[in-house]
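Engineer: Take a look at this one; I'll ask things after.
The values are calculated or read from the model by the stated rules, or taken from the named source; none is laboratory data. Model, not experiment: these values are computed from the prediction. Quick note on the areas: whole protein, heavy atoms, side chains included, nothing else; ligands and nucleic acids left out. Shrake-Rupley method; radii C 1.70, N 1.55, O 1.52, S 1.80 Å.
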Amino acid sequence: MAVLFELVVNFGANHAAAEQAHATVLNHPRLQAGEHQIPLHEPRLMTTRSKDGNEYLEMAVLPVGVGIGGAMDHGRRIIELTAEELSELGHGLYGLLRQLTGYHAAQVGWDPEGRVDLDELRSDWSDELATGRLPGLTLAEEIHQELQGFGFTRFAPGYVWIPYRGEQSSPWSPDQPA
């Protein structure tokens, strides 16, 4: 099973915004993570179906060589980043997100797909949303008005977020299973 550190973005049905975001990621420079300059894979843009059957466009942005068992990194050297380096990389991905528009929800982290699915936010993540325990979750203002949530502040024009606090551990740390 793959465990991926990534930026995942839900564009709803906004194809134009998703295509513009795809182009932005393709032209984005490498991201800093400690001493590492990490390029980004070509973003994966796909139609996703929520558990309630609603479809939306989802884009996944994966740093090259960061993750465990990812097909896109097959045959590549894996970069074993510390929690501090992962945090710096995460902040870099949020810098990239600040350049995008037209999305509903986004988050950086280890396998954040379920946390950008609006149906799952309403049901499975409602307690965390209500108490502000989803650091890094970024929502369009109109989605935030619908879902509510605690601890949100301005992220970019038209967007709010629960500020990202960085990564608390690394899967490559001696006390963490790989």
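Engineer: Taking Cα atoms, how many degrees apart are the long axis of helix 83-97 and the longest axis of the chain, rounded to 10 and kept between 0 and 90?
Structural biologist: Tilt relative to the chain: about 50 degrees.
Engineer: Non-local amide H neighbours of residue 164 (under 5 Å, H modeled in plane, Pro and chain starts lacking H): which ones?
Structural biologist: Counting only residues 5 or more places away or on other chains, the set is 136.
Engineer: Roll a 1.4 angstrom probe over the protein heavy atoms and tell me the percent of accessible area of the chain that is carbon or sulfur.
Structural biologist: 49
Engineer: Restricting to the chain, compute how many DSSP beta bridges are antiparallel as a %, nearest 5.
Structural biologist: 100
Engineer: Moving to a separate point now. Apply the Karplus parameterisation 6.51 cos²θ - 1.76 cosθ + 1.60, with θ equal to phi minus 60°, to every residue of the stretch 31-44 and state each ³J(HN,Hα) to the nearest whole Hz, in sequence, with x for glycine and proline.
Structural biologist: 9, 7, 8, x, 8, 8, 9, 10, x, 10, 5, 4, x, 8
Engineer: Note down the Stokes-Einstein diffusion coefficient of the stretch 77-154 in µm²/s, whole number, using a Kirkwood radius over alpha carbon pairs, 37 °C, and 0.692 mPa s.
Structural biologist: It diffuses with D of about 243 µm²/s by this estimate.
Engineer: Let me ask something additional. Just the number, please: Stokes-Einstein D of the stretch 1-60 in µm²/s, Kirkwood Rh from C-alpha pairs, 10 °C, 1.306 mPa s.
Structural biologist: Diffusion coefficient, whole number: 122 µm²/s.
Engineer: What list of ³J(HN,Hα) values in whole Hz, one per residue of the stretch 73-78 in order, does the Karplus curve 6.51 cos²θ - 1.76 cosθ + 1.60 (θ = phi - 60°) give from phi, with Gly and Pro shown as x?
Structural biologist: Working through the residues one at a time gives 9, 4, x, 9, 6, 8 Hz.
Engineer: For the stretch 76-109 and the stretch 1-30, what is the centre-to-centre distance using only Cα atoms, to the nearest Å?
Structural biologist: Here the answer is 11 Å between Cα centres.
Engineer: Roll a 1.4 Å probe over the protein chains and send me the accessible area per residue for the stretch 73-178 in Å².
Structural biologist: Normalised by residue count, the accessible surface of the stretch 73-178 is 50 Å².
Engineer: Kindly give the semi-axes, whole Å and largest first, of the ellipsoid equivalent to the chain, taking each as the square root of 5 times a Cα gyration tensor eigenvalue.
Structural biologist: 25, 18, 16
Engineer: Turning to a different aspect of this structure: Can you run phi through the Karplus equation (6.51, -1.76, 1.60; θ = phi - 60°) for the stretch 11-26 and list ³J(HN,Hα) in whole Hz, with x for Gly and Pro?
Structural biologist: Whole-Hz 3J(HN,Hα) from phi for the stretch 11-26: 9, x, 9, 7, 4, 4, 5, 5, 5, 5, 4, 4, 5, 4, 5, 4.
Engineer: Among 17, 33, 71, whose mean-square fluctuation peaks in a Gaussian network model of the chain (Cα, cutoff 10 Å)?
Structural biologist: Between 17, 33, 71, it is 71 that shows the largest mean-square fluctuation.
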